[in-house]
Amino acid sequence: YSMPPKFGAIKRVNVVQDPESFKRNLKMYIIAEAVDGSLTTATETLKNNLKMWVNSGRMINDSIDILDGKIINLGIDFVVIGDRDPNINKFDILNNAIKDLKDLYLQKENLGEPFSITKIYKKLQKARGVVDVVSVDVFQKKGTGYSNISVIVEDLKSSDGLYLNTPSNAVFEVKDVNNDIRGSIR
């Protein structure tokens, strides 16, 4: 992250020891940022610049492989119960809940960081006018404009369903917060 900006910028990085290597080989997974703020794979120029910059400070017997991190795009559907007060518009409550989740996912996750489903429940519970959260469904977004990495989200859920396990070379992203977060209110 401290590489001089003239060489380019890395948005997210995760360095792990290569378990298949007999030497001190490290794997550096990197992700860059697109103009619109979404995550994207790094260009070859950026990877080459990073390699030269890292080589200037590494130990002589260390080897580092710079690899593309994988982006897994997610969507969120939820159902909440709103306050029954007749003076409160239930659609204002829903809009508050959606806005709070949008704000949460404007900040991008880190490579290898678990995706917290509990965090979604907590954010929705605190939304103004929400009485209870009925359900939260996290699913993979696919198609034009989304990553072509395919996963089965249910297989990545922890045994208690509180988070998604993330491979060390991947990052979860709610790419388009305006379209990838949907909710309904009862």
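Return the pairs, sorted by first residue and then second, in which the second residue is modelled with pLDDT under 85 and open to solvent by less than 90 Å² (accessible area, probe 1.4 Å), the first residue lies in segment 38-63 and is more than 30 Å from Tyr105 (Cα to Cα), the beta carbons are less than 6 Å apart, and the residues are 6+ apart or on different chains.
From residues that are more than 30 Å from Tyr105 (Cα to Cα), the pairs are Trp53/Met3; Trp53/Phe7; Val54/Ile64; Ser63/Asn25.
Ile30: aliphatic (A, V, I, L, M), out of contact with any helix residue (DSSP H, G or I) (no Cβ under 8 Å at 6 or more places or on another chain) and in a strand (DSSP E or B), yes or no?
On the way: aliphatic (A, V, I, L, M): yes; out of contact with any helix residue (DSSP H, G or I) (no Cβ under 8 Å at 6 or more places or on another chain): no; in a strand (DSSP E or B): yes.
Taking the combined requirement at face value, the residue does not satisfy it.
Given the conditions (1) closer than 26 Å to Asn148 by Cα; (2) touching a residue at least 40 places away in the same chain (Cβ under 8 Å); (3) loosely packed, with under 15 Cβ neighbours inside 10 Å, and given that Leu74 satisfies all but one, which numbered condition is not satisfied?
Answer for Leu74: the failing condition is (3).
Which residues, counting only those in segment 79-136, are farther than 21 Å from Ser159 by Cβ, open to solvent by 60 Å² or more (accessible area, probe 1.4 Å) and under 13 Å from the mean Cα position of the chain (by Cα)?
Result: Leu106, Gln107, Asn110.
Looking at Lys108, Lys122, Lys47, Lys51, which one is of a type outside the set (Gly, Ala, Ser), part of a helix (DSSP H, G or I) and closer than 23 Å to Phe139 by Cβ? Please lay out each step first, then the result.
Numbers: Lys108 fails: part of a helix (DSSP H, G or I); Lys47 fails: closer than 23 Å to Phe139 by Cβ; Lys51 fails: closer than 23 Å to Phe139 by Cβ.
Going through Lys108, Lys122, Lys47, Lys51 in turn, just one is of a type outside the set (Gly, Ala, Ser), part of a helix (DSSP H, G or I) and closer than 23 Å to Phe139 by Cβ: Lys122.
Are any residues in segment 1-24 within 18 Å of Leu111 (Cβ to Cβ), in a strand (DSSP E or B) and either open to solvent by less than 50 Å² (accessible area, probe 1.4 Å) or out of contact with any Lys or Arg (no Cβ under 9 Å at 6 or more places or on another chain) (or both), and if so, which ones?
Within segment 1-24, Arg12, Val13, Asn14, Val16 meet the criteria.
Considering only segment 1-35, state which residues are modelled with pLDDT under 85 and small (Gly, Ala, Ser).
Within segment 1-35, Ser2, Gly8, Ala9, Ser21 qualify.
The values are calculated or read from the model by the stated rules, or taken from the named source; none is laboratory data. Bear in mind the structure is a predicted one, so any value in this text is a computation, not a measurement. No Cβ is skipped: glycine too gets one built from the backbone with ideal geometry, and neighbour counts run over all protein chains shown. Note: accessible area is taken over every heavy atom of the protein model, side chains too, but ligands, DNA and RNA are not part of it. Shrake-Rupley method; radii C 1.70, N 1.55, O 1.52, S 1.80 Å.
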